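What follows is calculated from the coordinates using simple rules that are stated; it is not laboratory data. Everything numeric here is computed off the predicted structure, so don't read it as measured data. As a convention, Cβ positions derive from the backbone with ideal geometry for all residues, glycine included, and neighbour counts pool all protein chains shown.
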Amino acid sequence: MLTDSQRQTFADRGILHLPGLIPGQHLEASRQVIWRCLQEAGVYEDGDGAPGRACELIWPTSGSQFVKRVSKSRHFREVMTDELLAAVDQLLDGEPASSMMDRPQLLFTLPNASTWTVPHNIWHLDMPRVSSGEMSGVQAFVCVDAVPAGGGGTLVVAGSHRFCNQAGQWLSSKDVKRRLKRVEYFKMLMNRETPGRDQLVGARWLVDDIPVEVVELCGAPGDVYLTDMRILHTLAPNTARHPRIVLTQRFLLNSAQEEVIGKYQGKADRTASGPCCSP
Ligand SMILES: O=C(O)CCC(=O)C(=O)O
């Protein structure tokens, strides 16, 4: 059961960290299936599998190939415990919602960088903003193995879900980014030339009276982050010696789903039948 203070944190920041929410026994099957696949690819944990010194440094397979092979495991469902689903339900105020995938998706990043940086690109939303400006759903991130700082955890901008909600119309991820770039903070974040973008991590800025902060989703095995699906986020490099292993599931409100599917359907119909304004 979430406290009022946790719900308020989520409303204010668009992100809630629930340390250790998923017990080890609910992670184990996913962990085993992932590591078995890694071992088949020639990557071994040494000894106790402690994060930070768990893997060979030479990776015989690319991350995306690996993810394709392992991504369909039914064991991933075990991490979506009743406690996690109840927390999501509370944040959605009990409104009807559906998970977007039949099982959680693997977010996996091999060690791929020697220097950690905040990317200026690939910032995005997974879902468009609906015309009411209200939240469209909640995304859950579950750390299967430890994700240390600099270890590939997703980067999110806490507070970003509170911008661009007054448009009174459906906004694609691109539309939202275009509007955000008119605001100095976001312009700085998404500009390749900005020096010291990394200093935005963990630093709270007040932008149009809204506190914003770049947050790295790192944590211990079993930690969960719940995010408002309006939040701006991106991929991060992994400078650790251990792959980033996180499972994610998105829960979309049925009300939002109708609007989003309707829009995409409209687009698909127009593409199939030619331009909508053709004579
Ligand atoms: O950390 C990642 O791999 C990116 C996650 C992401 O962009 C998403 O879940 O939409």
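Quick look at the numbers
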quantity: Spacing of the two label points (7 Å from each Cα toward its C-beta) at Q8 and S114, in nm; calculated: 4.8 nm
quantity: Charge dipole magnitude, Cβ of K and R +1, D and E -1 - the chain, Cα centre, debye nearest 20; calculated: 1100 debye
quantity: Hull volume in cubic angstrom per residue (convex hull over the Cα atoms of segment 7-264); calculated: 126 Å³
quantity: Stokes-Einstein D in µm²/s, Kirkwood radius over Cα pairs - segment 177-238 at 20 °C with 1.002 mPa s viscosity; calculated: 160 µm²/s
quantity: Highest average packing first - 227-234, 189-196, Cβ atoms within 10 Å; calculated: 227-234, 189-196
quantity: Alpha-carbon gyration tensor eigenvalues x 5, square-rooted, for segment 105-166, Å; calculated: 27, 15, 10
quantity: Highest-first arrangement of 92-98, 257-263, 148-154, where packing means the average Cβ count within 10 Å; calculated: 148-154, 257-263, 92-98
quantity: Quarter of the Cα convex hull surface for segment 132-270, i.e. its orientation-mean projected area (nm²); calculated: 9.8 nm²
quantity: Pair K187, S71: separation of 7 Å Cα→Cβ label points (nm); calculated: 3.7 nm
quantity: Under 5 Å, built H, 5+ apart or other chain: amide partners of G151; calculated: T239
quantity: Amide proton proximity set for L107, modelled H, under 5 Å, gap of 5+; calculated: V246, L247, T248
quantity: Estimated distance in nm for a label pair at S255 and D175, the labels positioned 7 Å out from Cα along Cα-to-Cβ; calculated: 1.8 nm
